[in-house]
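Student: Right, I'll just put the structure down here and ask away after.
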């Protein structure tokens, strides 16, 4: 019953209505929720679609990049090119807008990696390139203009922004960044991404004030350590820099001075340390210890850059590297090196591209320069004290336009080249790069003076068969429009090519050159690398003496001389051995460039002639300056008006040359501190070589000598003509010996001499007339008049100048080719007769037919004069007559035998015409008279003693001249 009632109550109509209402409510709410859910989903899908569409619209122009494209972009960061001495010794970096040095992740401190991740991207190893929550937070902050607490970019995105996109703030750029970050993560491992980031991020400035990028440059430039050796606080400081590189950097742009206030950078370091600690990368103890690190005290000091420490070398390497890379870039575009050389605009265009290339692409440039020799040479140049005085020079101030006077010092240039390879082992660019940034070894054009003679005159003449070392050349005044003179103005008569080069006579060199000018001797210079010669000079005879419009460089001059040591083969000098790219691949390797210029015989003959220059010629002082010995052969040179002083020498291993002069050409001091300009340059040359020898003795002083090639023979020749010696040439003592190229030995016997009699009148020899007194007739070897024609001499008076004032020419006579004629009158009286000791001398008679002089003498106590000597007029006008008391006079004798009136009489000793009488002594003498007689006796004895003393003095005095064949009869 109760159950029914209860059931009845439970299902009563009232209760039934309540339940129905509840079910409807639940259904409505459920449906509403479902509707809202559906609407929400539709909204989300719509918003997503709109967002996706918007995103798609933002990236629609972004190409789908391949792996290779993204790899090239990611690793396409600027890296500073580095320079190395020979033997892979590091020199320094080339100048660049930003310094960067690539480093592998394995060579980066783990502390730095941890610091970067903790600060920039704590989820780096977990996300796929982007963090949605971070992006949404960043978007929300952007729309609400809220203060940005954390960035929305991962390290991957930052890498994309730095290497592929820009720093532009826009949704367009951000969308592309996200897309590319997702794609990059598919292609690259995490370690590759973090490594790339560490190499591209900006880190402010280094201690030199240079902009730096990449952690290796940052570690070295801020703390002076490699990235792998960074401590925790150092790593934290560097990791905090990318957020504000120039705000946090400790160095200013004013030469790298340390900022007074480092608080912002230190505060940022502490933030990084905190994140490292909270991120579990360091312990609490490490954290506390790092917080106390003194940043200022551990900053690296300013370090000299390569351009500061090695300015001449760094800029020279940079310049040559640009030339090499320019050719490579041009060839990629289809141009040839020859086209680049001929088209100046095209060359400049590619040099500009090459300049950007070498500054940004991290090349490793390896040079041929020996560091120790180079350093030693620069030290010698600084310490050398014999350059000469500074001289005033007026210049115009580029800022004010006003003219001011400065003191210009003597500058120097030098180059050392290895002969067989062409390596430039070292060079001297100048004394002070800050004063004048011109490289005086490679860029300064100067007239090379007499160092041109072997290159352009003697070697080409020997190669053409026109000259050999023993070739006889007349060093006499030249005729025509070009009339060069020798140093000092003197002429030296007949001389050999060897002697002319040894003493650097100008006239023989000019004559030799003019004989071969029609055979284009300048072509030999072109084969030896002379590229700076002005075409105007090619047809000018003065080029033979080193006179030119523009000039040549020290490098060109020295390089050409190495041709002689290379048996006549020119090996082009070079300074860059190879260039590697940042991956270590060799993109350039020097290849030897060699030209055949001279035969081995010509090269050796030139070497042997230049040995004499050093043995006893213009460079003889070198022997006292060098601290070592080697088979050196060289040449000195002087520019016009003493503007330049040169010395270049070569041995079997190396060739070295130096130049000194003023930048604005002006005469060098003839004498400074007791040394001539030439010796000052030779001494500098020697000091530089001594320094090089201290470093590399085997290279600088080889034990072997210049090798004598086949085809070199020794021959005797007549010094009159250079032809084979005749019997008469031997009789005259005029035979010389030298070495020859077997192809060009003399074959003709000299025929310029004859044997005959002659008489002298006024130092000229004439044929003997029948009337001539026999005592004045001489016989000997005489020159034929055909010699006049051979040497283009117009008269025998000029021919006399052909004969040098040396003993070997003393027996040679030059005749006028005609008889002397009596002038019909008696010779004038001889004047100027004087005595000195036992010698009598007189002045030459002015008559034009006097053939000799007779000396007449009278013995003591006699007035009977007899002939005691006869002298031809060519002899010295003096005769030794002994010391016995006598009287003498001189007469002149003409060609007809007529004598002049006697000259004034001169007395020798105590000559007296009459013997003094001896008085008998009285038997009985008065005491007073006896006393007077004794006094007279004493006086006579005293006078006699004085005469005896005077006579002894006269006999002891040296005679002024002696004529062995004309003693008193």
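All of the numbers you see were taken from the coordinates with simple rules; none came from a lab. None of the values given here were measured: they were computed from a predicted structure. Here the Cβ is made from the backbone with ideal geometry for all residues, glycine too, and neighbour counts use every protein chain on show.
Student: What is the gain in length, in nm to one decimal, between residue 128 and residue 737 on full extension, counting 0.36 nm per residue of separation less the C-alpha to C-alpha distance?
Tutor: In short, 210.1 nm is gained.
Student: In whole Å, how far is the Cα centre of the range 352-401 from that of the range 232-300?
Tutor: One Cα centre to the other: 38 Å.
Student: Between rounded, prolate and oblate, where does the range 713-819 land on the alpha carbon gyration tensor, with a ≥ b ≥ c its root eigenvalues, rounded for a/c under 1.5, else prolate if a/b exceeds b/c?
Tutor: prolate
Student: May I ask you to work out the translational diffusion coefficient for the range 408-700 at 20 °C, viscosity 1.002 mPa s, via Stokes-Einstein with Rh from the Kirkwood sum over Cα pairs, reported in whole µm²/s?
Tutor: In µm²/s, the coefficient is 111.
Student: Please give the length that would be gained between residue 712 and residue 246 if that part of the chain were fully extended, namely 0.36 nm times their separation in residues minus their C-alpha to C-alpha distance (nm, one decimal).
Tutor: 160.4 nm is the gain from fully extending residue 712 to residue 246.
Student: Here's something else I'd like to know. What is the packing order of peptides 852-862, 456-466, taking the mean over residues of other C-beta atoms within 10 Å and listing the highest first?
Tutor: The peptides rank, most packed first, as 456-466, 852-862.
Student: Right, next: From the square roots a ≥ b ≥ c of the eigenvalues of the alpha-carbon gyration tensor of the range 565-632, which class results: rounded (a/c under 1.5), prolate (a/b over b/c), or oblate?
Tutor: It is oblate, given that a/c is not under 1.5 and a/b is not larger than b/c.
Student: Considering only DSSP beta bridges where both residues belong to the range 713-819, give the percentage that are antiparallel (nearest 5).
Tutor: Of all bridge pairs located within the range 713-819, approximately 70 percent are antiparallel.
Student: Just check the range 652-785 against the gyration tensor rule for me: Cα atoms, a ≥ b ≥ c as the square roots of the eigenvalues, rounded for a/c under 1.5, and otherwise prolate or oblate depending on whether a/b exceeds b/c.
Tutor: Because a/c hits 1.5 or more and a/b fails to exceed b/c, the range 652-785 counts as oblate.
Student: Provide Rg over Rh for the range 468-556; use the alpha carbon set for both Rg and the Kirkwood Rh (inverse mean inverse pair distance).
Tutor: Result: Rg/Rh = 0.97.
Student: What percentage of all Cα-Cα pairs in the range 591-668 are separated by more than 21 Å?
Tutor: 40
Student: Another question, then. What is the percent of Cα-Cα separations in the range 182-291 that go past 19 Å?
Tutor: Result for the distance tail: 48 percent.
Student: Sorted by mean Cβ packing within 10 Å, highest first, what order do the peptides 675-683, 376-384 take?
Tutor: Per-residue Cβ counts within 10 Å, averaged per peptide and sorted highest first, yield 675-683, 376-384.
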